[in-house]
Amino acid sequence: MDREWLATNGLGGYASGPVHGPPGRRYHGLLVAALPPPLGRMVMLNHLDERVRLPDGRDFVLGAEAERVAFHLDLGLPVWRYDLDGTVIEKRLHAPHGRNTVVVTYGSGEGAGPVLLELRPSVSFRPHGSPLEDVRRAYAL
């Protein structure tokens with residue numbers, strides 16, 4: 001985990017994580033909401049398990065193999081581009097200003113035929129500063 005990204009919402013909430021792979025720090029999450037006191041920051045959406053099935057029946061887990069992914073920032077927001085043996089999937093993330101929410105969009109580029117995208121969210125509703133052991137238990141690492 002040598003590079004990380006961050007998208008903020010202007011309320012004190014954010015989304016952040018490593019460029020490749022699952023969250024590795026207790027402060028990482030796809031939605032860390034800034035709630036009123038006494039709650040404060042809460043990690044609400046840890047991560048998304050993203051699986052793609054190609055028209056030929058092959059399955060891929062997005063982000064599982066770093067050599068298949070390119071990462072860049074577009075106007076400061078993270079964009080991942082996955083090449084799944086010629087089928088390209090693009091993922092974008094946005095944290096709308098003034099809202100405790102996150103928007104993740106997916107699109108397909110070149111490649112043959114429609115793909116099936118399966119998303120499984122990992123939610124926790126845990127305090128922002130929870131000990132790292134709690135985070136590891138949540139992922140069963």
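The values are calculated or read from the model by the stated rules, or taken from the named source; none is laboratory data. From a predicted model like this one, the values you see are computed outputs, not experimental measurements. Methodologically, a virtual Cβ is constructed for each residue, glycine included, from the backbone with ideal geometry; neighbour enumeration extends over all protein chains shown. Note: areas computed on protein heavy atoms with side chains; ligands, DNA, RNA excluded. Shrake-Rupley method; radii C 1.70, N 1.55, O 1.52, S 1.80 Å.
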I'd like the accessible area for Ser122: 1.4 Å probe, protein heavy atoms, all chains in place, Å² to the nearest 10.
30 Å²
Lys and Arg at +1, Asp and Glu at -1: add these up for the other residues within a Cβ distance under 9 Å of His128 and post the number.
+3
Once every DSSP H run of n ≥ 4 in the chain is given -39500 (n - 2.57) and the sum is divided by its residues, what mean residue ellipticity at 222 nm do you get, rounded to the nearest 500 deg cm²/dmol?
-1500 deg cm²/dmol
Tell me the relative contact order for the range 1-140 as a rounded percent, counting alpha carbon contacts under 8 Å between residues six or more apart.
27 percent
Over the chain, average the accessible area per residue using a 1.4 Å probe and give it in Å², no decimals.
57 Å²
Counting only residues 5 or more apart in sequence or on a different chain, those whose built amide H sits under 5 Å from that of Glu4 are Val19
Where Asp56, Asp2 fall by accessible area, highest first, once all protein chains stay in place (1.4 Å):
Asp2, Asp56
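Would you mind telling me the share, in percent, of accessible area of the chain contributed by carbon and sulfur at probe 1.4 angstrom?
Roughly 55 percent of what the probe reaches on the chain is carbon or sulfur.
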Lys/Arg +1, Asp/Glu -1 at C-beta; the chain dipole; positive extreme among Leu11, Gly76, Gly86
Leu11
Calculated SAXS-style log₁₀ I(q)/I(0) at q = 0.16 Å⁻¹ - the chain, Debye, Cα scatterers
-0.86
